[in-house]
Amino acid sequence: MEQLDQTLAAIAAAETPDAVETLRVAALGKQGWVSALLKTLGSMSPEERQTRGPAIQAAREAVTAAIATRKGALESAALEARLAAERIDLSLPAPDAPRGSVHPVSQVMDELAEIFADLGFAVASGPEIEDDWHNFTALNMPETHPARAMHDTFYFPDHDDAGRSMLLRTHTSPVQIRTMLAQGAPLRIIAPGRVYRSDSDATHTPMFHQIEGLVIDKGIHLGHLKWTLETFLKAFFEREDIVLRLRPSYFPFTEPSVEVDVGFTLVAGKRVVGGDGDAPGGGWMEVLGSGMVNRHVIAAGGLDPDEWQGFAFGTGVDRLAMLKYGMDDLRAFFDGDHRWLSHYGFAALDVPTLSGGVGVRP
Ligand code: PHE
């Protein structure tokens, strides 16, 4: 059957499912040539039908099979093409080794937050652009108070709507007032952040970092303060042999006020925190200011000082970082020199945890 050979060849060569369908209709459709042959069977003599019938049936089966085979082949080719087109190329070159590191100040702030979170302290914050009421007056430093002069304050030329002088906060202590007013008591917070003073030399920069601590509750006394600072400094320096020396001092916002020194030992000419500062070769280094919150400050925070007491402390984060990680020039903290940063910086994923050691070096 010449027509069969032609049809089979055409099906095998068909390039699209549509072309196969056209060939199917031409052979097996109502008007198709195979259907026409099948119709002739009825008018044949039985003998003729016996000889021609199987050939016609065989042609129909051959065409049907050829169509199924070709359709299957075209469909899997289409699928292959789609998979190839939609392939995600995972062989793209990887980026260069990641650059950048966590600044020691950020690292130390994270360490402090971790240590104090473990003691049940929440993190509070306040604005860097403050008014003089929050920065001074509410902290028991009225306008004529001599302590105001000690702060070398950066003032803005304009006042706020309430007529208050605006300034860059000189310490994190105004967050004490803001938090008492916003949250009431009892309270246990730390407030890390930037502070500003018009001061610049090897140990002072016009912007630096402090962390404030405030606990307000009933029956709080100096013993709570001492225990908290000792626990914090031991955890921070990761040493059990931290020795504190509390010296009576003066801050307008605390009464009594205590300055806290830690003992250090000289190791190869460097001060290493730990040990009794009075031991030979040792000394004392001031690390923080603290005290029992002054009654006037508690009242300015909207609380009754006969009901609530508390302690507060403040310390320089930059200084803590220098002491812990052995840096000796504060100005390098703010130079943005990437050699210094990659030497002293911390890996971004090196998040401080108490279990892992709060200050693991990269
Ligand atoms: N605000 C003080 C300073 O900047 C530190 C301090 C905070 C002292 C809280 C006592 C209590 O020097």
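Roughly how big is the chain's charge dipole about its Cα centre, with Cβ charges of +1 (Lys, Arg) and -1 (Asp, Glu), in debye to the nearest 20?
The dipole magnitude comes to about 1260 debye.
Over its Cα atoms, what ratio of radius of gyration to 2.2 N^0.38 Å does region 196-246 give?
1.55
Would you give the gap between the C-alpha center of region 107-131 and the C-alpha center of region 264-318, rounded to a whole Å?
16 Å
What residues qualify as long-range amide H neighbours of G277, i.e. H under 5 Å apart, gap of 5 or more or another chain, H built at 1.01 Å from N?
G263, F264
From the phi angles alone, apply the Karplus equation (6.51, -1.76, 1.60; θ = phi - 60°) to region 97-109 and give each ³J(HN,Hα) in whole Hz, x where the residue is Gly or Pro.
Whole-Hz 3J(HN,Hα) from phi for region 97-109: 3, x, 10, x, 8, 7, 5, x, 5, 5, 4, 5, 4.
Step through the residues of region 296-312 one at a time and calculate ³J(HN,Hα) from phi using the Karplus curve (6.51 cos²θ - 1.76 cosθ + 1.60, θ = phi - 60°), rounding each to whole Hz and writing x for Gly and Pro.
In residue order, the calculated couplings are 5, 6, 4, 5, 5, x, x, 10, 7, x, 7, 9, 10, 10, x, 10, 9 Hz.
Taking the Cα atoms only, what angle lies between the long axis of helix 46-85 and the longest principal axis of the chain, rounded to 10 degrees?
With both axes taken from Cα atoms, the answer is about 20 degrees.
Round to a whole angstrom and tell me the spacing of the C-alpha centers of region 174-203 and region 221-257.
Using only Cα atoms to place each centre, the spacing works out to 18 Å.
Give a residue-ordered list of calculated ³J(HN,Hα) values for region 193-210 (Karplus: 6.51 cos²θ - 1.76 cosθ + 1.60, θ = phi - 60°; whole Hz; x for Gly, Pro).
Working through the residues one at a time gives x, 7, 9, 9, 9, 6, 7, 7, 7, 4, 10, 10, 10, x, 10, 8, 10, 10 Hz.
Volume per residue, Å³, of the convex hull around the alpha-carbon atoms of the chain?
On the way: hull volume 111.8 nm³, N = 362.
With only Cα atoms used, the chain gives 309 Å³ per residue.
Go ahead and collect, in residue order, the members of region 114-153 whose backbone nitrogen is under 16 Å from a label point 7 Å along the Cα-Cβ direction of D161.
131
Classify region 137-204 from the C-alpha gyration tensor, please: rounded if a/c falls under 1.5, else prolate or oblate depending on whether a/b exceeds b/c.
oblate
Picking from E48, E240, E255, which is most flexible by a Gaussian network model of the chain using Cα springs under 10 Å?
Checking each option, the largest mean-square fluctuation is seen for E48.
Compute log10 of I(q)/I(0) for region 2-85 with the Debye formula, placing one identical point scatterer on every Cα and leaving out solvent, at q = 0.17 Å⁻¹, to two decimals.
-0.70
Applying a 10 Å radius around every beta-carbon, put 63-69, 93-99 in order of their mean neighbour count, most first.
Final packing ranking: 63-69, 93-99.
Every read-out reported here was derived from the displayed coordinates using simple, explicitly stated rules and does not represent laboratory data. These numbers come from a predicted model, not from an experiment. For neighbour counting, all protein chains shown are included, and Cβ atoms are generated from backbone atoms with ideal geometry for every residue, glycine included.
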